[in-house]
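Written below as structure tokens is the structure these notes are about.
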Amino acid sequence: MSDTTGAVQALTTPLTANAVFLVVSVVSGGIDSARDVIVDLADTLKTLTFRFPETMLTCTVGIGNRIWAEITGLPTPAQLRDFTPVIGAAHTAPATPGDLLFHIRAERADVCFELERQILDALGYAVSVEDETVGFRSFDRRDLLGFVDGTANPVGPDADDAVLVGDEDPGNAGGTYVVTQKYLHPLPSWRALPTERQEAIIGRTKLEGLELDDAERGQKSHKTLATVTDDDGTEHDIQRDNMPFGRPGHGEFGTYFLGYSRDLSVIQTMLERMFIGDPPGLHDQLLDFSTAVTGSVFFAPRADVLASLRSPD
Ligand code: HEM
């Protein structure tokens, strides 16, 4: 895992205590201003990390397919496209608008807030905000369903290998695809389930997060459906930076799913296995308690690529 403290494009950095997921669309005529903001992001970040080095502040910018060519002037990454909705018999993963993602992470909420404020200030009228979600670490990295979330994430060199594009697309090497989805949970009905039932749905024990055996046949757990394996047995990892969010006073409880992968098709296959099911019809029962309300795809280029963007003459 790279030492990415204070960095833009901190692609394989460990989970922090706080995060902001900011998705914006660039308005007509706003491209040049938006480009200036992302080119200057490293300097903006530096003024904060110099003052608060211990907060592990980072910001990763993802760029969507709709504006990629115009804002970067570079060839489009091989797999970059809009989010493809996945329509199962019972549940749908919808696509929603978004041209830029700012994934801000830090050990302190106030530092995340300040960076988001400065970014939005600088963007001004160049963008409209599609979604702003403030995530927090819950206890020992649990989601609001009460399960430890992120255990199976790759670490060290395995994380780089799962996340960073390599020779398969040399022009975009070192960058990564990012998929975001915001899920809302009807918490009272989830909490009404016996713990054993919840554990069977997730595929891990609730207290310790230990793996349960995969079902031989029939209904598969979330863990099994989200595992993508080639015919030769090779497993394809992604890095998930999921965070809980919510407003108990508004009855809002959610999980912000954010997946980094060098291969977008791996996340697409996970979504198809979850929403359509394997076999089709036996969807991931986590979805009976989790409604996807957003869905977007971005490509996060290497920091030096981001810093070198210039408007086409
Ligand atoms: C409501 C949204 C979601 C929740 C609450 C959730 C929660 C969990 C939990 C508790 C685990 C087991 C612990 C762990 O290994 O991290 C897990 C595993 C996993 N989830 Fe999710 N998840 C959600 C959505 C998704 C989505 C949308 C994807 C992919 C498109 C995904 C991919 C995975 C993967 C790859 C694993 C690891 C499987 C393995 O053991 O190899 N999850 N998730």
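I'm trying to understand the selection: among the residues of the range 63-120, which are touching a helix residue (DSSP H, G or I) at 6+ places or on another chain (Cβ under 7 Å), surrounded by 18 or more Cβ atoms within 10 Å (Cβ to Cβ) and part of a loop (DSSP other than H, G, I, E, B)? Within the range 63-120, 77, 79, 80, 88, 91, 99 meet the criteria.
Pairs linking a residue in the range 236-250 that is within 18 Å of residue 292 (Cα to Cα) and away from the ligand (no atom under 11 Å from the Cβ) to a residue that is among the hydroxyl-bearing types (Ser, Thr, Tyr) and assigned to a loop (DSSP other than H, G, I, E, B), with Cβ atoms under 7 Å and 6 or more positions apart or on different chains, do not occur.
The number of residues in the range 217-231 that are in a helix (DSSP H, G or I), near the ligand (Cβ under 8 Å from one of its atoms) and buried (at least 20 other Cβ atoms within 10 Å of the Cβ) comes to 1. Kindly establish whether residue 159 is assigned to a helix (DSSP H, G or I), at pLDDT below 95 and either within 24 Å of residue 267 (Cβ to Cβ) or in contact with a strand residue (DSSP E or B) (Cβ under 8 Å, 6 or more places away or on another chain) (or both). Yes.
The condition (being surrounded by 14 or more Cβ atoms within 10 Å (Cβ to Cβ) and within 21 Å of the chain's Cα centre (by Cα)) is satisfied by just one residue among 156, 175, 166: 175.
Taken as a whole, the range 99-107 holds at least one residue that is under 30 Å from residue 277 (Cα atoms) and charged (D, E, K, R).
The test for being part of a strand (DSSP E or B) and more than 30 Å from residue 308 (Cβ to Cβ) holds for residue 181.
Can you find a residue in the range 270-282 that is at positive phi, touching a Ser or Thr at 6+ places or on another chain (Cβ under 9 Å), in contact (Cβ under 8 Å) with a residue 60 or more places away in the chain and near the ligand (Cβ under 9 Å from one of its atoms)? No.
The values are calculated or read from the model by the stated rules, or taken from the named source; none is laboratory data. Just so it is clear, the model here is predicted, and its values are computed rather than measured. When we count neighbours, we look across all protein chains shown, and the Cβ atoms used for this are built from the backbone with ideal geometry, even at glycine.
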